[in-house]
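Taken together, the values in this text are just the output of simple stated rules run on the coordinates, not laboratory data. Keep in mind the model is a prediction, meaning the values are calculated, not measured. No Cβ is skipped: glycine too gets one built from the backbone with ideal geometry, and neighbour counts run over all protein chains shown.
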Amino acid sequence: MFPGKESGPLNESTTPSTSPSAASAHRSWFGHPAGLSTLFFTEMWERFSYYGMRALLALYMTTATTNVILRGDGSEVANPGMGLDVGTAAAIYGLYTSLVYIMALPGGWIADNLWGQRKAVWVGGWIIALGHFTMAVPSTFAFFLGLVFVILGTGLLKPNVSTVVGDLYPEGGARRDAGFSIFYMGINLGALLGPLVTSFLAESYNWHWGFGAAGVGMALGLIQYRSRAHLLGDAGLLKTSDSAAQVAARSRRFFGGFFAVVLAVVAFGYLVSSGVIPVTLTGIATVLGYGVAVIIAAYFVYLWTMGGHSPEENRRLGVIFWLFLLIAVFWSGFEQAGSSLNLFGRDYTDRNILGWLMPAGFLQSVNSFFIILLAPVFGALWVWLERRNRNPSIPMKAGMGLVGLTIGFFVLAWGAANASVDNLVSPSWLVVTYFFHTVGELCISPIGLSAITKLSPANRVGQMMGVWFVGAALGNLFAGLVAGRLADLAPAPLFQNIAMTIGAVGIVGLVAAPWVKRLISDKSL
């Protein structure tokens with residue numbers, strides 16, 4: 001539907017006759033707007049579905065088509081995977097996770113110009129659920145079609161639900177920061193629970209039960225979102241001075257072009273899969289990764305030379321570009337969690353606990369557990385250091401994040417040194433690795449969007465936010481390509497190579513941090 005055509009709690013119009021009751025918007029939830037609870041549980045269930053399905057992807061794709069599982073009564077039952085080689089599966093994983101971030105760009109545009117954030121979240125959520133339920137159908141075509149749906153739906157939902165949170169706090173300030181902290185806990189609660197539920201069902205009974213469970217989680221989130229949408233007040237409704245006819249015309253132009261691109265990509269995928277175009281998925285991912293990197297570099301050159309910015313703004317753009325490079329490298333290592341680290345947990349880790357074989361996907365919840373445990377500690381630490389004028393700068397924290405990631409990979413390389421299918425190692429190696437990765441994440445990830453909003457020229461904030469998402473997409477893409485090297489390298493040398501590469505970048509980041517900070521006059525960085 002076009003804006004102005006829908007009534008009820010998800011109405012995009014902001015006219016007084018159709019907007020939700022103002023009284024409901026003033027209700028409180030632990031001292032915060034009551035609508036925060038609606039968004040908290042929506043995002044919790046969305047992350048439940050996303051991380052629940054993410055925990056299964058690499059495992060399902062690399063499981064043999066002849067795989068059987070042993071039931072508690074001693075009987076065997078077939079639970080086949082796709083039987084793909086590690087390189088191909090990792091490339092698919094990297095393409096999927098990177099496209100999720102890239103689709104946040106058109107998803108944000110649709111919300112800002114056509115639907116409003118509320119409708120984008122609603123429609124995106126149901127597309128996600130459709131994707132998970134499609135993947136519950138045991139066929140290769142359904143698997144890939146489901147991935148496409150999840151990519152499109154997440155691109156609509158993910159960037160816009162956070163925007164609605166911000167709309168609940170028009171006054172800004174510390175209360176808004178506290179609201180986002182609560183919201184962030186919902187993200188990690190869902191990421192903690194999702195892999196536990198889906199992995200248990202998928203690895204103990206049937207892979208497609210796990211995919212279906214992710215869809216059930218998303219549907220539950222949408223049901224509560226709809227039933228409690230009145231608590232959001234006018235937050236997330238479309239704000240435009242254009243007429244309904246103008247918005248409708250803009251919508252037709254956008255979706256006409258968008259679906260033409262989607263059809264072209266689908267046609268290309270069909271020609272590749274049928275052998276008409278002789279390229280591999282790894283090759284496609286590699287070309288896409290380097291292509292995106294070149295485009296971003298060219299874009300920044302354009303901004304510096306022809307963007308019409310002052311010298312101070314150009315220096316700030318330089319800092320953004322530097323942070324973009326660091327965050328891309330960080331995610332290329334951190335996102336090994338769902339690919340190479342996940343496969344290591346399945347193939348080289350002793351998961352036998354008192355006779356019960358723990359699903360490999362359970363280990364995907366460790367990072368979220370540490371986030372919930374350590375996020376308040378780091379928040380208090382930064383405040384304590386700030387009061388003593390010793391709080392590290394944002395460039396310094398970015399370097400620290402890469403160093404934390406490096407330590408984690410060195411730990412795992414040490415643990416994997418003697419690991420083999422006949423000599424399984426303790427899961428504690430992965431747990432310690434995830435601990436250091438979480439420490440690194442808490443240093444670099446939360447500061448990113450804050451830095452972008454502070455550094456971006458006034459007319460480039462949205463574009464720079466998009467660049468930040470592209471950095472995450474690029475990191476995820478190369479994470480898949482690096483994980484694919486498990487087909488040629490043993491785990492220990494692979495993890496050691498990753499550690500040395502990221503460590504080198506991290507050291508450069510630490511050394512360069514004081515110089516990068518001096519590029520700008522903002523003392524808050």
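If the segment from ALA490 to TRP515 were pulled out straight at 0.36 nm per residue, it would be longer than the present Cα-Cα gap by 5.1 nm.
Working note: 222 nm ellipticity from helices only, DSSP H runs with n ≥ 4, each -39,500 (n - 2.57), summed and divided by the residues of the chain, gives -24500 deg cm²/dmol to the nearest 500.
Sorting the Cα pairs of region 423-525 by distance into bins of 10 Å, from 0 upward, gives 11, 32, 34, 16, 6, 1 percent per bin. Summary of packing: across the peptides 310-317, 292-299, the per-residue average of other C-beta atoms within 10 Å ranks them, highest first, as 310-317, 292-299.
Checking every one of the trypsin sites (Lys or Arg not before Pro) in region 222-282 against DSSP loop status and a limit of 16 other Cβ atoms within 10 Å picks out LYS239. Only Cα sites of region 208-271 enter the Debye sum here, all with the same form factor; the resulting log10 I(q)/I(0) across q = 0.15, 0.29 1/Å is -0.92, -1.04, listed in q order.
Computed on the Cα trace of region 360-426, the radius of gyration divided by the Kirkwood hydrodynamic radius gives Rg/Rh = 1.13.
Is the shape of region 239-365 rounded, prolate or oblate, going by the alpha carbon gyration tensor and its root eigenvalues a ≥ b ≥ c, with a/c under 1.5 for rounded and a/b larger than b/c for prolate? Note, shape of region 239-365 comes out prolate.
Counting 0.36 nm for each residue step from TRP382 to ARG250 and taking away their Cα separation leaves a gain of 43.0 nm. The chymotrypsin sites (Phe, Trp or Tyr not before Pro) of region 192-284 meeting both criteria, a DSSP state outside H, G, I, E and B (loop) and at most 15 other C-beta atoms within 10 angstrom of the site's C-beta, are TYR205. Using alpha carbons only, how many angstrom separate the centre of region 131-172 from the centre of region 41-88? Between the Cα centres of region 131-172 and region 41-88 lies a distance of 20 Å.
With a sphere of radius 12 Å drawn around the Cβ of LEU494, what net charge do the other residues whose Cβ falls strictly inside it have (Lys, Arg +1; Asp, Glu -1)? Its environment carries a net charge of 0.
How large is log10 I(q)/I(0) at q = 0.05, 0.09, 0.12 Å⁻¹ when the Debye formula is applied to the Cα atoms of the chain, each weighted equally and without solvent? At q = 0.05, 0.09, 0.12 Å⁻¹ the computed log10 ratios are -0.20, -0.66, -1.22.
Scoring 179-189, 124-134 by mean Cβ neighbours within 10 Å over their residues and listing the highest first yields 124-134, 179-189.
Projected label points at THR66 and ASN352, each 7 Å from Cα along the beta carbon direction, are separated by 2.3 nanometres.
Sorted largest first, the spans of the alpha carbon positions of region 281-525 along the three principal axes are 65, 47, 27 Å.
Beyond 30 Å, the tail of the calculated P(r) for region 24-237 holds 27 percent of the Cα pairs.
Ordering of 347-355, 320-328, 384-392, 335-343 by packing is 335-343, 320-328, 347-355, 384-392, highest average first (other Cβ atoms within 10 Å, averaged per residue). Among the trypsin sites (Lys or Arg not before Pro) found in region 29-99, those both in a DSSP coil and sparsely packed, with 16 or fewer other Cβ atoms within 10 Å of their Cβ, are ARG71.
Would you mind calculating the relative contact order of the chain from Cα pairs under 8 angstrom and at least 6 residues apart, reporting the percent as a whole number?
22 percent
Checking the a/c ratio against 1.5 first, then a/b against b/c, what shape does the Cα gyration tensor give for region 28-129? It comes out oblate by the Cα gyration axes. Evaluated at q = 0.28, 0.31, 0.34 Å⁻¹, a Debye calculation over the C-alpha positions of region 240-279 (equal weights, vacuum) places log10 I(q)/I(0) at -0.84, -0.91, -0.98.
So if I take the centroid of the Cα atoms in region 340-378 and the same for region 435-503, what is the distance between those two points in Å? About 21 Å separates the Cα centre of region 340-378 from the one of region 435-503. Run the count for the chain, please: Lys pairs, Cα-Cα under 26 angstrom, 8 or more apart or on different chains. Here the count comes out as 14.
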